[in-house]
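Here is the structure we will look at.
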Amino acid sequence: MERRDTTNIGFLVFPGFPMACLTSAIEPLRAANEISDREAFSWRVLSENGEAVTASANVVFQPDCSLRDVENLDYLFLLSDPESAFAVPASGNGHLRYLARHGVQIGAVSGGVFPLAASGLLLGHTCSVHWCYRAAFEKAFPEIAVSDDVLVLDRRRLTASGAAAMFDLMLGMIEDTLDSVVMTEVACWFQHPMVRTEGVGQSVPAFKTAGVTRDLPPPLAKAIAVFSDNLEEPVSIGDVAEQAEVSSRKLERQFKKYLGQSPLNYYRMLRMNAARQQVLYSRNSLSDVALSVGYNSSSTLSKHYRQAFGLSPSEERNQKSNRFKIERGQPIPVV
């Protein structure tokens, strides 16, 4: 593409996109322009058809133009919730591929990896997926490699796990386009304490505690990693203790001390959270959801799901569907 003094960035927003991700991208670019006293960056907000889009916080955004009408982009980022898709997939996905063929670097933040993956542009690439969407993403796109890192820059595909990670990605872009002095000043403007780059893992909550998994003793963190990697094919506590290089009894004591529950209960909760991702963010049948987290039947899954969350998978899926219809002014069927 023809080289330009200004880096032009497009943000393609879908209904329900997380507003924080958009502001976390635009604000550091605005600050970089002010600090450098030049228009180093320009940006446009796009929608599929140029019509207004409502963010997850019910704030309405009027885009600058439609995806098809945008020109002279260097980068395009997709922002969405996990269930977003083009209203006309053939046209939308086709135009994304057209832009990629003509030199535009394509990326996504948070749930935006779902429509980006659906376009086919992540095939052969590794992407960053927010931990709360990972189970649903891997089920929907098993052929795409997933990373727990906050950022993944794989050739011409740039993915960020969430709003703070998007801020880090923009800081890196500012450093590459301008210099590290401007980048540091931008970070300080927003009191951004640590600039994260590739290779930094996401912070994942240690469920039922106020901490995160990286703060736990190494054997306990290892056990949680083994549990997380074996949701579909359950493993025994003895096998996990062996891989964590501790006795089963010591592992039990550490779980009780640091997490307030047994390893078995913690493992079940991990499986329930993975199931919940698919219930909320996919259209997989409940039988498929059950199998993906190690249950032979949806009835057993429903029993444990209700114990964990207070309602069955089908009830929660129906509640979410009804909320979605209310937000978009659609009628709710009377049953």
Legend entry - Residue satisfying all of: in segment 80-113; of a type in the set (S, T, N, Q) and out of contact with any Pro (no Cβ under 6 Å at 6 or more places or on another chain); farthest from PRO18 (Cα to Cα) among these: SER91
Inset, instruction - Could you check how many residues of segment 5-29 are in contact with a Ser or Thr (Cβ under 9 Å, 6 or more places away or on another chain) and polar (S, T, N, Q)? - result: 3
Legend entry - Entirely in segment 1-115, the strands (runs of 3 or more DSSP E) that have 1 or more residues that are under 20 Å from LEU153 (Cβ atoms) and free of Cβ contacts under 8 Å to residues at least 60 places away in the same chain: 41-47, 105-110
Legend entry - Scan of segment 255-268 for residues that are modelled with pLDDT of 90 or more, open to solvent by less than 60 Å² (accessible area, probe 1.4 Å), assigned to a helix (DSSP H, G or I) and not aromatic (Phe, Trp, Tyr), ordered by number: PRO263
Legend entry - Hey, LEU251 over 21 Å from VAL129 (Cα atoms) and open to solvent by less than 60 Å² (accessible area, probe 1.4 Å) or not: yes
Inset, instruction - Could you tell me whether segment 313-334 includes any residue that is touching an Asp or Glu at 6+ places or on another chain (Cβ under 8 Å), assigned to a helix (DSSP H, G or I) and at pLDDT 85 or above? - result: no
Inset, instruction - Tell me which residues, restricted to segment 123-144, are in a loop (DSSP other than H, G, I, E, B) and either surrounded by fewer than 23 Cβ atoms within 10 Å (Cβ to Cβ) or not aliphatic (A, V, I, L, M) (or both). - result: LEU123, GLY124, HIS125, HIS130, TRP131, CYS132, TYR133, PHE141, PRO142, GLU143, ILE144
Inset, instruction - Of the numbered conditions (1) over 19 Å from SER161 (Cβ atoms); (2) at pLDDT 85 or above; (3) not hydrophobic (A, V, I, L, M, F, W, C), GLY172 fails exactly one; give the number of that condition. - result: (1)
Inset, instruction - Please enumerate the residues belonging to segment 296-312 that are in a helix (DSSP H, G or I) and either surrounded by 17 or more Cβ atoms within 10 Å (Cβ to Cβ) or touching a residue at least 60 places away in the same chain (Cβ under 8 Å) (or both). - result: SER298, LEU301, SER302, HIS304, TYR305
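What number of residues within segment 217-248 are assigned to a loop (DSSP other than H, G, I, E, B), open to solvent by 30 Å² or more (accessible area, probe 1.4 Å) and over 25 Å from VAL146 (Cα atoms)?
3
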Inset, instruction - Working only within segment 55-76, note down all residues that are open to solvent by 100 Å² or more (accessible area, probe 1.4 Å) and closer than 21 Å to ALA90 by Cβ. - result: ARG68, ASP69
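The values are calculated or read from the model by the stated rules, or taken from the named source; none is laboratory data. For clarity, every value in this text was computed on a predicted model and none was experimentally measured. Heads up, the Cβs are rebuilt from the backbone with ideal geometry, glycines too, and the neighbour counts pull from every protein chain shown. Side chains are part of the model used for accessible areas, which takes the heavy atoms of the whole protein and leaves out ligands, DNA and RNA. Shrake-Rupley method; radii C 1.70, N 1.55, O 1.52, S 1.80 Å.
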